[in-house]
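Enquirer: Input: one structure, supplied below.
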Amino acid sequence: MEATGTDEVEKIKSKFMSAWHNMKYSWVLKTKTYFSRNSPVFLLGKCYHFKTEESGELSTDGSNFDKISTEISGNVEEFRKDFISRIWLTYREEFPQIKGSALTTDCGWGCTLRTGQMLLAQGLMLHFLGRAWVWPEALEMDSCDSESWTSSTVRKLTASFEASLTAERDPKVLARPPASRDWDVTERRNELYHRKIISWFGDSPLAAFGLHQLIEYGKKSGKMAGDWYGPAVVAHILRKAVEEARDPELQGVTVYVAQDCTVYSSDVIDRQCSFVDSGKAGTKAVIILVPVRLGGERTNTDYLEFVKGILSLEYCVGIIGGRPKQSYYFAGFQDDSLIYMDPHYCQSFVDVSIKDFPLESFHCPSPKKMSFKKMDPSCTIGFYCRTVQDFEKASEEITKMLKSSSKEKYPLFTFVKGHSRDYDFASSPLHEEHDLFSEDEKKRLKRFSTEEFVLL
């Protein structure tokens, strides 16, 4: 009986903290973002121009997009559709309890897991949908200006807290009836994959890349629910989550994590050429994750051009990074500012197992910008290569970029031929199934855990 009482106290405490974090993080969409009319904007390898005869800035806070698109020339609308089409994964509340804890929200501690999810989601979108795909309903999202989002959040968290005191559960969010439109075969197929990709990141124990599964893999590196995760640790967790995924659709994708800022080409190609679907030979697409530090205590501005060059590549899937104590998903840039999606907004749990679950909360209505100088040096860079030939081409292109941008003797990371074992590394790229992390990986993860900044 005493244990039950303790559990109830923990649940009420969790709901109270969820309410507080929701109030705290509901303001992230309130600030306006300004874009220059005279500089190109890059978003995951695509370039957009907002140039006009007049100089100045334009504001994009979610509610102003429709206004600015009629005031200036250029492809603002295309940029808006492209940005909104990216999958946005944020703090959630009232999801099923995380195993081994009383937590039903990741507010305040799960932001790096969320940015890692966004990077992986972009890789899967490239794999199943291609870079040219945009969500047909991107411009049909409700006008979510910052004021309405904030006031709605306040009402929701107040009701949530009152319900927690009476042991009632929040009412389910009902799916909005799909707009009546004629889908052709390709659109229907793409929309199915769109929903399937989002469902893989659902906040339930069964979702392949959901928070619950990622936390389970994190336990192998000494992390628990409620702990803070760094970009490098998350990279290894994502790799293991993809390896362990059982959905047949995911058997054609693998993840490689660079070892000590080195990508071993033969290890990558071995992963791509490993057996697919019960022993049948085939080539897998690979998502390459490279944990790096862009300086010591502060980011070295000499790396700015390299980061911009990386985000200009069509096969880049973004950067897991942020500023000290906050993790962001970097997806583009304009001038010396990075464009990102912010996970620090607490939204209600959405059951992605139901048919036609609402999609709006998985797409961000407005981009945000941050000066490169404010970026924390610890981050993980991601690339997607569909074939071995794509990987070889990418490694050549990135190597040239690394050499041209490196003012010092050593580049930020390197591509080398051969396997890691050829360089006296004990770890093999493919491990025994029963051991989620090799001993070498466990040591590396513990080192990353102590070196990386604390994220909230």
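Enquirer: Going through the stretch 241-261 one residue at a time, which ones are under 20 Å from H419 (Cβ atoms) and either surrounded by 16 or more Cβ atoms within 10 Å (Cβ to Cβ) or of a type in the set (K, R) (or both)? It would help to see each step written out before you state the result.
Expert: Keep residues of the stretch 241-261 that are under 20 Å from H419 (Cβ atoms), which gives 243, 254-261.
Selection gives E243, T254, V255, Y256, V257, A258, Q259.
Enquirer: Something else now. Is it the case that the stretch 344-360 has a residue that's modelled with pLDDT under 85, assigned to a loop (DSSP other than H, G, I, E, B) and under 30 Å from L206 (Cβ atoms)?
Expert: no
Enquirer: Specify the residue that is modelled with the lowest pLDDT; the eligible residues are those in the stretch 417-430 that are of a type outside the set (G, A, S) and surrounded by fewer than 16 Cβ atoms within 10 Å (Cβ to Cβ). Walk me through how you get there before you give the answer.
Expert: So in the stretch 417-430, the residues of a type outside the set (G, A, S) come out as 417, 419, 421-425, 429-430.
Still in the running and surrounded by fewer than 16 Cβ atoms within 10 Å (Cβ to Cβ): 417, 421-424, 430.
On the way: K417: 93, R421: 87, D422: 85, Y423: 82, D424: 64, L430: 39.
If we take residues in the stretch 417-430 being of a type outside the set (G, A, S) and surrounded by fewer than 16 Cβ atoms within 10 Å (Cβ to Cβ), then L430 is modelled with the lowest pLDDT.
Enquirer: Restricting to the stretch 94-144, count the residues that are in a helix (DSSP H, G or I), open to solvent by 20 Å² or more (accessible area, probe 1.4 Å) and modelled with pLDDT of 95 or more. First the steps, then the outcome.
Expert: Of all residues in the stretch 94-144, those in a helix (DSSP H, G or I) come to 111-128, 138-140.
With open to solvent by 20 Å² or more (accessible area, probe 1.4 Å) added as a condition, the list becomes 127, 139-140.
Going one step further and asking which of them are modelled with pLDDT of 95 or more, we end up with 127.
The total comes to 1.
Enquirer: Moving on to the next point. Given the criteria of a type in the set (G, A, S) and modelled with pLDDT under 95, does G282 qualify? Write out each step before concluding.
Expert: Working: of a type in the set (G, A, S): yes; modelled with pLDDT under 95: yes.
Spelling it out, G282 is indeed of a type in the set (G, A, S) and modelled with pLDDT under 95.
Enquirer: Take Y410 and tell me if it is open to solvent by 10 Å² or more (accessible area, probe 1.4 Å) and under 22 Å from the mean Cα position of the chain (by Cα).
Expert: Values: open to solvent by 10 Å² or more (accessible area, probe 1.4 Å): yes; under 22 Å from the mean Cα position of the chain (by Cα): no.
The answer is no for Y410.
Enquirer: Moving to a separate point now. I'm trying to understand the selection: among the residues of the stretch 365-375, which are modelled with pLDDT of 95 or more and part of a loop (DSSP other than H, G, I, E, B)?
Expert: Selection gives M375 alone.
Enquirer: If I filter the stretch 342-356 for residues that are surrounded by 17 or more Cβ atoms within 10 Å (Cβ to Cβ), within 16 Å of F35 (Cβ to Cβ) and in contact with a strand residue (DSSP E or B) (Cβ under 8 Å, 6 or more places away or on another chain), do I get at least one hit?
Expert: Just the residues of the stretch 342-356 that are surrounded by 17 or more Cβ atoms within 10 Å (Cβ to Cβ), to begin with: 342-350, 352.
Now drop any that are not within 16 Å of F35 (Cβ to Cβ), which leaves none.
No, the stretch 342-356 contains no residue that is surrounded by 17 or more Cβ atoms within 10 Å (Cβ to Cβ), within 16 Å of F35 (Cβ to Cβ) and in contact with a strand residue (DSSP E or B) (Cβ under 8 Å, 6 or more places away or on another chain).
Enquirer: Continuing with the same structure: Identify, please: which residue in the stretch 376-398 is charged (D, E, K, R) and not in a helix (DSSP H, G or I) and is, among those, least open to solvent (accessible area, probe 1.4 Å)? Lay out the reasoning, then the answer.
Expert: If we filter the stretch 376-398 for residues that are charged (D, E, K, R), which is where we start, we get 376, 386, 390, 392-393, 396-397.
Next, from what is left, pick out any that are not in a helix (DSSP H, G or I): 376, 386.
Values: D376: 11, R386: 99 Å².
So the residue we want is D376.
Enquirer: Condition check: out of contact with any Asp or Glu (no Cβ under 6 Å at 6 or more places or on another chain), modelled with pLDDT under 80 and in a helix (DSSP H, G or I). Does D66 satisfy that?
Expert: Yes, satisfied.
The values are calculated or read from the model by the stated rules, or taken from the named source; none is laboratory data. Keep in mind it's a predicted model, so treat the numbers as computed, not measured. Virtual Cβ from ideal backbone geometry, glycine too; neighbours counted across all protein chains shown. Note: accessible area is taken over every heavy atom of the protein model, side chains too, but ligands, DNA and RNA are not part of it. Shrake-Rupley method; radii C 1.70, N 1.55, O 1.52, S 1.80 Å.
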